[in-house]
Number of protein chains: 4
Amino acid sequence: MPTDEQQACFEAGIKFGSLYHQFAGTPVSPDSAPSLERAMADAIENQPFCESVTVDIDEAALAAATDDHGYVELTGRFMEVEMRVEYEDVVVRTAMTMEDGYPLMRLVDVE
Amino acid sequence: MPTDEQQACFEAGIKFGSLYHQFAGTPVSPDSAPSLERAMADAIENQPFCESVTVDIDEAALAAATDDHGYVELTGRFMEVEMRVEYEDVVVRTAMTMEDGYPLMRLVDVE
Amino acid sequence: MPTDEQQACFEAGIKFGSLYHQFAGTPVSPDSAPSLERAMADAIENQPFCESVTVDIDEAALAAATDDHGYVELTGRFMEVEMRVEYEDVVVRTAMTMEDGYPLMRLVDVE
Amino acid sequence: MPTDEQQACFEAGIKFGSLYHQFAGTPVSPDSAPSLERAMADAIENQPFCESVTVDIDEAALAAATDDHGYVELTGRFMEVEMRVEYEDVVVRTAMTMEDGYPLMRLVDVE
């Protein structure tokens, strides 16, 4: 039987994969970034065991990358994400940040 | 060469397919519906020639359908959408509404 | 009432937006490109009025762009798409190709 | 510092969330199910630490649910998924199956 710690880490991973692959490709501009940040967080917080999600879209990076039409498709290079998942007595904190040019989803701590 | 009317209708279709397939599957509850409605509209309005998008998620239908976890995955049966696309001098209005139990994307008028 | 030509162009646009936003973000490598090409075509051919879809993922471009993990997320810069939509007596052919560094969805002809 | 077991479970969750939210909503019919099964497995196997993925779309359930157009949008009720993730010396097996009418992603074992 998996332990509560293992289950908690599995659940935390599900939330990250869900957030990323649900919203990657969304047309986003500096003006529309705030509503997208909020909707992404609210949507994933619906999932079981997901206590909080924070999405920060980097509007300066967006502005630098937008094409002639004024927007780009969302990818990991434009956002930082933090999540807290609680499963039974275990709290897992995770984050997505850029490392060496790639967005990296990582476990921050498990308590 | 396609006419401006044909191009305008093609562009209107692109927006509808984009909106639907970008956001279908998003976890949504009565509480998170408003932020999702706004983000969907703002995202698609970024696309070329898309002048306005209105998304109305049916919170009563959501509440009736939510599972034990309190949310569902977004599908066409939970939303109505209206869009206006302008290409050169042509204005196209489109809508998605339920018809006989299926969500139907349709051209409302082309002027 | 919209004409059959207008409806046909609208339907053609829906298919393109659907294909793009359903599959953008999919992890893809030179080895997995053929199965993805086939699944994308088969999936969109299910939609009403969609007679044929061809997806050509550019494996050389993929190979040049893959990260340290050997894959990328699918975007328009890695694929060319052709579709034929038939609505009543109207046949619409569409294509997505790169133009000036951007993937462009366009009407090829309406007959 | 998270342990290898915790990391392995987190990675396993990421793959499941990715698979589900990348492909949910894809138009699928009994005829197109085999190419979609294969593309889903091949796509997710590209991700780091993902050793094998098996997707089994239930063609009988699809056939029973298809609408007048002969297809449905893919959701968890139409598929069973098994995955094996390996991180350092840890092997994680996961599965998605229907439980009480809901698709449930679960850890099968961690070794």
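The values are calculated or read from the model by the stated rules, or taken from the named source; none is laboratory data. All values reported here derive from a predicted model rather than from experimental measurement. Methodologically, a virtual Cβ is constructed for each residue, glycine included, from the backbone with ideal geometry; neighbour enumeration extends over all protein chains shown. In case anyone asks, the SASA skips ligands and DNA or RNA and just uses the protein heavy atoms, side chains included. Shrake-Rupley method; radii C 1.70, N 1.55, O 1.52, S 1.80 Å.
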Within 10 Å of each Cβ of C:47-54, how many other protein chain Cβ atoms are there on average? 1
Counting other chain Cβ atoms within 10 Å of each Cβ in D:99-108 and taking the mean gives 2
Once you put a point 7 Å from the Cα of B:Arg77 and another 7 Å from the Cα of D:Asp58, both along the Cβ direction, what distance in nm separates them? 1.6 nm
Using eta = 0.692 mPa s and T = 37 °C, Stokes-Einstein with Kirkwood Rh from Cα pairs puts D for the protein assembly as shown, in µm² s⁻¹, at 149 µm²/s
Lone cysteines in the protein assembly as shown, defined as no other cysteine's Cβ under 4.7 Å from theirs: which are they? A:Cys50, B:Cys50, C:Cys50, D:Cys50
Which listed residue (B:Ala63, B:Ala8, B:Met105) has the Cα farthest towards the positive end of the charge dipole for chain B, taking +1 on Lys and Arg C-beta and -1 on Asp and Glu C-beta about the Cα centre? B:Ala63
Tabulate in residue order the Karplus-calculated ³J(HN,Hα) for the stretch B:84-90, using 6.51 cos²θ - 1.76 cosθ + 1.60 with θ = phi - 60°, rounded to whole Hz; enter x for Gly and Pro. 10, 10, 10, 10, 6, 9, 9
Leaving out ligands, DNA and RNA, calculate the buried accessible area for the pair C and B with a 1.4 Å probe, summed over both sides, in Å² to the nearest 100. 1700 Å²
Inside 10 Å of the C-beta atoms of C:68-77, what's the mean count of C-beta atoms belonging to other chains? 4
So, in Å, what gap is there between the alpha-carbon centers of the stretch B:24-66 and the stretch D:67-96? 26 Å
Per the rotation taking chain C to chain A, min distance Cβ-to-axis on chain C (residue, whole Å) equals C:Gly25, 2
Taking Cα atoms, how many degrees apart are the long axis of helix A:4-23 and the longest axis of chain A, rounded to 10 and kept between 0 and 90? 20 degrees
J(HN,Hα) series, the stretch D:35-50, from Karplus relation 6.51 cos²θ - 1.76 cosθ + 1.60, nearest Hz, glycine and proline x: 6, 5, 3, 5, 5, 4, 5, 4, 5, 6, 5, 5, 6, x, 6, 9
Stokes-Einstein D for the stretch C:4-110 (37 °C, 0.692 mPa s, Kirkwood Rh from Cα pairs), in µm²/s, comes to 232 µm²/s
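Sort B:3-14, A:8-19, C:60-71, B:31-42 by packing, meaning the average of other beta carbons within 10 Å per residue, with the highest value first. Numbers along the way, then the final one.
Values: B:3-14: 24.9, A:8-19: 28.0, C:60-71: 14.0, B:31-42: 21.1.
Packing order, densest peptide first, comes out as A:8-19, B:3-14, B:31-42, C:60-71.
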